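Trainee: Please find one structure pasted underneath; my questions will follow.
No lab work stands behind these numbers, since they all come straight from the coordinates. None of the values given here were measured: they were computed from a predicted structure. Here Cβ is always computed from backbone atoms with ideal geometry, including for glycine, and neighbour counts include all displayed protein chains.
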Amino acid sequence: MKTRRLILVLLLACLVAHSQHLASNPEASRDQIMKLFEVMHIRQQMRSVMEGVMKQQSSIVRETLKKRYPQMTNEEMAQMDDFILESMKDLPVDGMLDDMIPVYQKHLTRPDVDAMIAFYASPTGQKLMQEMPAMTSEGIQAAYPRMQQQMDKVMQRVEERIEQKPRPKNDGTPKPQGTIKGPQRTT
């Protein structure tokens with residue numbers, strides 16, 4: 001009986017604390033998040049990223065078309081490129097932004113969004129937004145040698161593990177493929 005009362009009291013306390021937390025941290029409104037998207041130039045960033053992706057995809061599509069339709073002329077290929085780039089104008093960016101709003105509302109409170117709007121609307125925030133693509137690109141280029149070094153080490157260890165694994169004698173019958181197992185834990 002005492003245990004039930006204790007559990008009930010704890011549940012009520014949690015409920016009250018949670019409701020106070022929600023009251024002190026109200027959810028950001030749709031309009032607030034749209035304002036944040038505006039000062040962060042999210043619409044333009046999305047279009048820019050999508051154009052870059054489409055240009056990359058265009059070369060893949062071009063190669064695929066060359067393989068499937070070797071008779072296509074360069075003029076026809078150029079028309080296909082134009083068609084693909086023109087289709088970019090039909091991307092539903094506004095719908096995609098609408099889809100993102102609940103995600104932002106889930107993770108950010110009204111005070112969070114207000115503070116972010118204030119920052120990104122400031123000259124410093126706008127400078128950050130302007131320089132971020134170049135900084136990200138240069139940062140990735142600077143870190144690439146380190147990442148490549150690490151990947152080389154991982155591949156070397158994988159190859160060593162494969163070489164250490166005893167190979168079954170081949171009697172001519174196909175065997176099911178096994179998996180490479182990591183270190184075994186002992187308890």
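Trainee: Please enumerate the residues belonging to segment 64-79 that are charged (D, E, K, R) and surrounded by fewer than 10 Cβ atoms within 10 Å (Cβ to Cβ).
Mentor: Scanning segment 64-79 gives K67, R68, E75.
Trainee: Further question on the same structure: In the set L91, L108, L85, which member is surrounded by 11 or more Cβ atoms within 10 Å (Cβ to Cβ) and under 16 Å from M40 (Cα atoms)?
Mentor: Result of the check over L91, L108, L85: L108.
Trainee: Please verify whether segment 62-85 includes one or more residues that are touching a residue at least 24 places away in the same chain (Cβ under 8 Å) and over 26 Å from M34 (Cβ atoms).
Mentor: Checking segment 62-85: at least one residue is touching a residue at least 24 places away in the same chain (Cβ under 8 Å) and over 26 Å from M34 (Cβ atoms).
Trainee: Show me the helices (runs of 4 or more DSSP H) found entirely inside segment 61-122 where at least 1 residues are touching a strand residue (DSSP E or B) at 6+ places or on another chain (Cβ under 9 Å).
Mentor: Result: 93-107, 110-121.
Trainee: Here are some conditions: (1) within 13 Å of Q32 (Cβ to Cβ); (2) in contact (Cβ under 8 Å) with a residue 40 or more places away in the chain. G125 meets all but one. Which one does it not meet?
Mentor: (1)
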